[in-house]
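*Asks:* Sending over a structure as structure tokens; questions will come in a sec.
The values are calculated or read from the model by the stated rules, or taken from the named source; none is laboratory data. Since the structure is predicted, the reported quantities are computational estimates derived from the model, not experimental observations. Counting neighbours? That spans all protein chains shown, and the Cβs are built from the backbone with ideal geometry, glycine included.
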Amino acid sequence: MKLIKILSFIMALAAVNSIISFTPATPQFIYYGFMLILLFLGISKSNNRISFLIIWLLIASGISLALNDIAEYYNPLGRFLVFLLGILVLSPMLRGTYINQIKIHLFKYTNIFLLLITFLSFLGKITAAYSVYDYASLFSGITTGSMIMAPIAGVSLLICCWKIYEDNIHKRTKYYFIILATTSLFCLILAGSRAALMGALLAVLFLFMKLFRGRLTKMVQVLVFILFVLAVTSPIWLSYTETLTTKMEFAESQGDQFSSRADLWDYRIQEFTESPVFGIGFANSHYGLIDTATGNVEPGTSWGAILAMVGLLGAMPFLILIFRFLFHLYFDKINKLNSAFLLGILIFFIVHWFAEGYMLAAGSFLFFYAWLSLGVMQVYKDTKKIVVL
């Protein structure tokens with residue numbers, strides 16, 4: 001188990017390093033090499049059960065590859081293989097003692113890194129000791145872009161809210177996490193992602209709804225306190241909304257509050273209608289900005305990308321998986337705090353998937369964390385044991 005902890009720490013560090021702006025990028029052979037090592041440990045040390053739904057998704061992805069003529073510059077087979085590797089290590093596909101421990105430790109270490117990234121990003125903003133803006137002059141903290149910073153800050157906010165209500169937490173520690181929750185909210189607002197902000201606020205709301213179910217008075221007290229704090233501090237945090245305001249003004253001028261994603265959604269819908277059952281092919285795209293040198297494309301939405309690329313055949317198992325987790329986490333009574341946190345994470349991603357397309361993109365950090373979160377939800381469903389921090 002000690003070896004698993006060490007390797008999981010290195011794997012989490014390698015994943016997080018890929019989104020840090022001032023460090024050399026993690027070489028792919030190291031990143032996927034550690035994944036292969038973890039996979040070997042996970043499948044060689046214990047008997048594993050296999051998720052039928054994930055197998056269904058993989059088969060649908062394979063069929064979409066076989067039935068479509070996909071341009072070579074997309075490298076569909078190579079991308080499918082690294083997608084398969086990521087799914088085997090991170091997702092709910094494999095369920096056993098060692099692979100579960102790998103997911104738990106990966107989740108714990110990654111969450112710690114996300115808190116650290118958020119804090120250092122805010123520190124850079126208030127001290128101006130180092131640059132926290134990307135090439136487009138948008139707040140990105142110490143990450144490679146604002147669209148990465150925003151979901152990280154959103155998850156960090158949720159982790160802090162979970163920690164604040166942990167049993168037997170020391171009062172001083174609680175105050176630290178209240179401060180960190182505040183800095184996370186500021187970073188989230190600064191990054192200017194409406195989808196991440198909406199997802200994070202809904203996630204926190206669902207966390208409180210789960211924690212205080214049957215205790216309406218307590219929940220109202222908490223919400224009133226939060227609203228009071230926001231009102232009192234509004235002169236401070238309103239000054240951080242320049243990115244959000246700029247985006248909203250531009251969208252309003254276009255007649256659509258979400259115009260930045262409307263065209264991408266239209267492309268994905270058009271692709272879906274061309275082949276609704278089997279999809280246009282894994283890692284494929286027919287419309288939008290396509291870099292033929294690298295094969296990179298901006299899907300604009302994970303929901304749309306799944307429907308377009310692998311069709312209803314691939315979307316169905318994914319939807320069933322999500323609804324199963326939603327149902328289980330919402331009604332679970334074994335460990336309210338942990339199930340409330342995981343429910344919040346799921347709500348956050350359900351919203352964020354409407355605006356960012358990374359669930360089939362294995363090289364993305366958000367692919368890593370989202371599928372890892374789903375894998376940990378399965379671990380909790382099976383064992384009722386997880387570690388958040």
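*Asks:* Since HIS105 meets every condition but one in (1) surrounded by 19 or more Cβ atoms within 10 Å (Cβ to Cβ); (2) over 21 Å from VAL387 (Cβ atoms), which condition does it not meet?
*Replies:* Of (1) surrounded by 19 or more Cβ atoms within 10 Å (Cβ to Cβ); (2) over 21 Å from VAL387 (Cβ atoms), only one is false for HIS105: (2).
*Asks:* Considering only the stretch 67-97, how many residues are part of a helix (DSSP H, G or I), closer than 16 Å to ALA361 by Cβ and of a type outside the set (D, E, K, R)? Break it down stepwise before answering.
*Replies:* Taking the stretch 67-97 first, the residues part of a helix (DSSP H, G or I) are 67, 72-74, 76-90, 97.
After this cut, where a residue has to be closer than 16 Å to ALA361 by Cβ as well, the list is 73-74, 76-87, 89-90.
Then drop every residue that is not of a type outside the set (D, E, K, R), which leaves 73-74, 76-78, 80-87, 89-90.
Residues flagged as part of a helix (DSSP H, G or I), closer than 16 Å to ALA361 by Cβ and of a type outside the set (D, E, K, R) within the stretch 67-97 amount to 15.
*Asks:* May I pose another question? Among the listed residues LEU53, LEU41, LEU13, which satisfies the condition of being modelled with pLDDT under 95 and part of a helix (DSSP H, G or I)? So that I can check it myself, show each step before the final result.
*Replies:* Numbers: LEU53 fails: modelled with pLDDT under 95; LEU13 fails: modelled with pLDDT under 95.
Going through LEU53, LEU41, LEU13 in turn, the sole match is LEU41.
*Asks:* Output the number of residues of the stretch 352-389 satisfying the condition of being within 19 Å of CYS160 (Cα to Cα) and in a loop (DSSP other than H, G, I, E, B).
*Replies:* So the answer is 4.
*Asks:* Separate question: Please determine, by comparing only the residues of the stretch 16-30 that are closer than 20 Å to LEU120 by Cβ and either among the charged types (D, E, K, R) or in a helix (DSSP H, G or I) (or both), which one is farthest from the chain's Cα centre (by Cα).
*Replies:* Taking the stretch 16-30 and keeping what is closer than 20 Å to LEU120 by Cβ, we get 16-26.
Pick out the ones that are also either among the charged types (D, E, K, R) or in a helix (DSSP H, G or I) (or both) and you get 16-17.
Values: VAL16: 12, ASN17: 16 Å.
It comes out as ASN17.
*Asks:* Let me ask something additional. Out of the stretch 56-95, which residues are at pLDDT 95 or above and among the β-branched types (Val, Ile, Thr)?
*Replies:* Correct list: ILE59, ILE63, VAL82, ILE87, VAL89.
*Asks:* Considering (1) more than 22 Å from the chain's Cα centre (by Cα); (2) on the phi < 0 side of the Ramachandran plot; (3) surrounded by fewer than 19 Cβ atoms within 10 Å (Cβ to Cβ), say which one LYS125 fails and leave the rest.
*Replies:* Result: LYS125 fails condition (3) only.
*Asks:* Go through the stretch 111-131 and give me each residue that's closer than 14 Å to ILE189 by Cα and not aromatic (Phe, Trp, Tyr).
*Replies:* Matches in the stretch 111-131: THR118, SER121, LYS125.
*Asks:* Mind checking which residues of the stretch 23-63 are touching a Ser or Thr at 6+ places or on another chain (Cβ under 6 Å) and crowded, with 17+ Cβ neighbours inside 10 Å?
*Replies:* Within the stretch 23-63, THR26, ILE54 meet the criteria.
*Asks:* Same structure, new question: Which of the numbered conditions does ILE4 fail, given that it passes all the others? Conditions: (1) part of a helix (DSSP H, G or I); (2) over 20 Å from VAL132 (Cα atoms); (3) under 22 Å from the mean Cα position of the chain (by Cα).
*Replies:* Single failed check for ILE4: (3).
*Asks:* Would you please name the residue that is nearest to the chain's Cα centre (by Cα), looking only at residues in the stretch 281-314 that are crowded, with 24+ Cβ neighbours inside 10 Å and β-branched (Val, Ile, Thr)?
*Replies:* THR301
*Asks:* Additional query: Scanning for something surrounded by fewer than 23 Cβ atoms within 10 Å (Cβ to Cβ) and farther than 21 Å from LEU197 by Cα, does the stretch 141-156 turn up at least one residue?
*Replies:* Looking through the stretch 141-156, none of the residues is surrounded by fewer than 23 Cβ atoms within 10 Å (Cβ to Cβ) and farther than 21 Å from LEU197 by Cα.
*Asks:* Can you find even one residue in the stretch 120-129 that is outside any helix (DSSP H, G or I) and farther than 16 Å from LEU342 by Cα?
*Replies:* If we filter the stretch 120-129 for residues that are outside any helix (DSSP H, G or I), which is where we start, we get 128-129.
Now restrict to residues that are farther than 16 Å from LEU342 by Cα: 128-129.
Yes - at least one qualifying residue is present in the stretch 120-129.
*Asks:* Taking the stretch 273-296, which residues are without any contact (Cβ under 8 Å) to a residue 24 or more places away in the chain and outside any helix (DSSP H, G or I)? Spell out the reasoning first.
*Replies:* Taking the stretch 273-296 first, the residues without any contact (Cβ under 8 Å) to a residue 24 or more places away in the chain are 273-274, 286-287, 289-291, 296.
Of everything in the stretch 273-296, those that are without any contact (Cβ under 8 Å) to a residue 24 or more places away in the chain and outside any helix (DSSP H, G or I) turn out to be HIS286, TYR287, LEU289, ILE290, ASP291, ASN296.
*Asks:* Select, from TYR98, TYR130, TYR165, TYR109, the only residue that is among the hydroxyl-bearing types (Ser, Thr, Tyr), modelled with pLDDT under 95 and within 25 Å of LYS5 (Cα to Cα).
*Replies:* On the way: TYR130 fails: within 25 Å of LYS5 (Cα to Cα); TYR165 fails: within 25 Å of LYS5 (Cα to Cα); TYR109 fails: modelled with pLDDT under 95.
None of the other options fit; the residue is TYR98.
*Asks:* Looking at (1) crowded, with 23+ Cβ neighbours inside 10 Å; (2) at pLDDT 95 or above; (3) under 24 Å from MET198 (Cα atoms), find the lone condition where ARG324 falls short.
*Replies:* (1)
*Asks:* Name the residues in the stretch 132-161 that are under 17 Å from the mean Cα position of the chain (by Cα) and either assigned to a strand (DSSP E or B) or of a type in the set (Phe, Trp, Tyr) (or both), would you?
*Replies:* Once the filter is applied, which keeps residues that are under 17 Å from the mean Cα position of the chain (by Cα) and either assigned to a strand (DSSP E or B) or of a type in the set (Phe, Trp, Tyr) (or both), the stretch 132-161 yields only THR143.
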